[in-house]
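> One structure, as structure tokens, below. Some questions next.
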Amino acid sequence: MAEPRKVSPMMLVFYIVGALIVLLIAIISIYAAYAVFRSSQASIEDAGYFLLIATVMLILSAYLMGAMRRRTTIVSVVIPQDVLSIEECAKCSFKNVRAFMRGDYVFKTLGKCPRCSEPMSIAAIYREERGK
Amino acid sequence: MLAVPLPRPYESLTNLIAGIPFVYLKSLVMSFLFPFALAQIPFLGDSGWLQFVVWVLLFLIFILYGQRIQIFSMLREVEAAIRRLEALKNEVRALTIGAIKEMGKPVEDPTGKIDQILEFFTIPPVQLDPMGIVRKLEHILDVRDQRFKDDVRRITPGADEAVLNNLTNLLEAAVSLNYVYKQVRHFYLLGKRTSSFFVVLQIQMILPQVMMEAEAVASAAKAFILGQPLGDGVGALVAAHLMRNKTAHEIAKDIVMTESEFEGRRLFVMKAKGPGAAVGKPSDAINRIVEENGGKISLIVTVDAQVKLEGEKTGSIAEATGVAIGGYGVDKFKIEETASRLKVPVVAVLIKLSNIEALTPMKREVFEAATSAVERIKGLLRERTRTGDSVIVAGIGNTVGIM
């Protein structure tokens, strides 16, 4: 249930190859801009066009890499949930936080409080966002 | 030969390409980016005609096949959604079968019966004559609920009432996912078969909403199996806070009520019967209390979760005038009818959360908001009622995981 979504190897290859090709074009364009600038027929305008192409290609390459990362981090059907049950003693306010177990419900009466021997109950059940 | 004047960038690029090293590599770059620059690479010489042909071809392709390209791209998007929906549907089906086998202790393999139930659907009453349609809808929904419960009871002889309710809700989630999957697939296949832009557009436009709903329903499935409180149950949780340590009795179908006193006011607090998954029929309970008290009820307060608007904070509380109950509208209609007939004021306390948060285990912010909502209700009672008044507080929502 909590496994990350699997991306098909074909798709992964497509993203990697695409990003590399675009990156290569960007590098070539930067070199071309430099070469034009240094050549005898130096033209700032033409060098500018190459730099523009290089910028577009770099952005496209970054986008492809980002898209690949997003695709591999999308989670499966049910988002993993850390659901906690909070046991509490009404008399001495002793608290015990533990993972939710099947059969737990809010205001369920439990065994005796380890501190004052009064009956404890589940005061809360909630989920914590992962990474918080 | 046709001489088409070139736009300035490509003209200068032609000159440029001729003057720098790695000329073919650079031509390749140009041709990749600008198909019409293909005509400008040095070894093709002065080939303006090629550029013209490329332009005309591109123009014709986009004019004649533009919509087909768009349909293709939209179908690809819907196809990805269908794959996701199918995965969700299959996973929830597997979860349902597993849970029924584990908790219901069936005598024989329930798979065939579950698959049969998954195809079950409800036919709404005819709307040509809307007179009395709510009663008809209520009857149909009652029959449907009973049918579901009977079916689940038959395949899970070992389940107690709470587990039975949870499994019934789980099966309903599986049925609704199956239905959504089939609907989306229907439009996809129809669009593909007819190549109709508008058929595909219909489903593509609502796809993000459909997917969000489907993800939320799938997330609820596991919570039903484990019996965890859902975000939607926050209304029931508020009522549970007010009912704590008091004796409750069943007053209507799956609805329990306590009668207590709050600062000289007579307080009737009700919610669905927990801790199994249930919403009950709060309208029957409210109407019964109103009738039993001869209409002498000073205020009806409904407490429910409300789907927040984008930008609103999860767990924020709002007050409203009117009856806050979701679903098909049968309960809302019945309470409104009684309240308006007997001139009983109706107010609502709403706890905001997202669609997904409503159908996934309750978030900490939502749980804590329930405590604030209790105080808000107390404040409301002090402001809006006087000593000696009778007040109904109804916690609306699924009470799974809440006593």
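> Can you tell me the 0 to 90 degree angle between the C-alpha axis of helix B:364-384 and the longest principal axis of chain B, rounded to 10?
Taking the Cα atoms of chain B, the angle to B:364-384 is about 50 degrees.
> Moving on. Can you tell me the 0 to 90 degree angle between the C-alpha axis of helix B:23-33 and the longest principal axis of chain B, rounded to 10?
Value to nearest ten degrees: 40.
> Please report, as a whole percent, how much of the solvent-accessible surface of chain B comes from carbon and sulfur atoms (probe radius 1.4 Å).
Working: 11600 of 19700 Å².
Roughly 59 percent of what the probe reaches on chain B is carbon or sulfur.
> Can you pull the mean other chain C-beta count within 10 Å for peptide A:96-107? Can you show the working numbers first?
Numbers: counts 0, 0, 0, 0, 6, 2, 5, 5, 6, 13, 16, 10.
Average per residue, whole number: 5.
> Ranked from highest to lowest mean number of other Cβ atoms within 10 Å per residue, what is the order of the peptides B:387-394, B:167-174? Intermediate values should be presented prior to the final figure.
Numbers: B:387-394: 19.2, B:167-174: 24.2.
The densest-packed peptide leads the list: B:167-174, B:387-394.
> Largest first and to the nearest Å, give the Cα extent of region B:85-166 along each principal axis.
Each principal axis gives a Cα extent; for region B:85-166 these are 46, 31, 19 Å.
> Here is a further query. When the chain is fully extended, how far beyond the present Cα-Cα distance does B:LEU58 get from B:ASP160, taking 0.36 nm per residue of separation?
Numbers: separation 102, 0.36 × 102 = 36.72 nm, distance 6.83 nm.
Extra length from B:LEU58 to B:ASP160 when fully extended: 29.9 nm.
> Between B:ASP115 and B:TYR179, 0.36 nm times their residue separation minus their Cα-Cα distance comes to what? Before the final figure, lay out each step's value.
Numbers: separation 64, 0.36 × 64 = 23.04 nm, distance 1.25 nm.
In short, 21.8 nm is gained.
> Okay, next question. Once R0 is set to 30 Å, what does the formula 1/(1 + (r/R0)^6) return for the Cβ-Cβ distance between B:GLU337 and B:ARG144, expressed as a FRET efficiency to the nearest 0.05?
Values: r = 22 Å, r/R0 = 0.75.
That gives a FRET efficiency of 0.85.
> Further, regarding this structure: Taking the solvent-accessible surface of protein heavy atoms with a 1.4 Å probe, what is the per residue accessible area of the protein assembly as shown in Å²?
Numbers: 27750 Å² over 535 residues.
For the protein assembly as shown, the per-residue accessible area is 52 Å².
> Counting only other chains, what is the mean number of Cβ atoms within 10 angstrom of the Cβ of each residue in peptide A:120-127? Kindly include the intermediate steps, with their values, before the conclusion.
Values: counts 0, 2, 2, 1, 8, 9, 12, 12.
Partner Cβ neighbours, averaged per residue: 6.
> Could you give the spread of the C-alpha atoms of chain B along their three principal axes, from largest to smallest, in whole angstroms?
So the three principal-axis extents are 99, 57, 47 Å.
> Could I ask something else about it? Using a 10 angstrom cutoff on alpha carbons, build the Gaussian network for chain B and name the most mobile of B:THR338, B:THR96, B:THR302.
Top of the fluctuation ranking is B:THR338.
> Count, for each residue of A:32-39, the Cβ atoms from other chains sitting within 10 Å of its Cβ, then give me the mean as a whole number. Before the final figure, lay out each step's value.
On the way: counts 9, 0, 1, 6, 5, 0, 1, 4.
Average per residue, whole number: 3.
> For the A and B pair, go ahead and give the buried accessible area with a 1.4 Å probe, both sides summed, in Å² to 100.
Numbers: alone 9960 and 21540 Å², together 27750 Å².
Separately minus together, A and B give about 3800 Å² buried.
> Do any of B:LYS296/B:LYS334; B:LYS281/B:LYS378; B:LYS246/B:LYS332; B:LYS246/B:LYS343; B:LYS101/B:LYS222; B:LYS136/B:LYS334 go past 21 Å between their Cα atoms, and which?
Values: B:LYS296/B:LYS334 18 Å; B:LYS281/B:LYS378 24 Å; B:LYS246/B:LYS332 27 Å; B:LYS246/B:LYS343 30 Å; B:LYS101/B:LYS222 15 Å; B:LYS136/B:LYS334 13 Å.
Among B:LYS296/B:LYS334; B:LYS281/B:LYS378; B:LYS246/B:LYS332; B:LYS246/B:LYS343; B:LYS101/B:LYS222; B:LYS136/B:LYS334, the Cα-Cα distance tops 21 Å for B:LYS281/B:LYS378; B:LYS246/B:LYS332; B:LYS246/B:LYS343.
The values are calculated or read from the model by the stated rules, or taken from the named source; none is laboratory data. Owing to the predicted nature of the structure, the values given are computational and were not obtained by experimental measurement. Note that each Cβ is placed from the backbone with ideal geometry, even for glycine, and that neighbours are counted across all protein chains shown. Side chains are part of the model used for accessible areas, which takes the heavy atoms of the whole protein and leaves out ligands, DNA and RNA. Shrake-Rupley method; radii C 1.70, N 1.55, O 1.52, S 1.80 Å.
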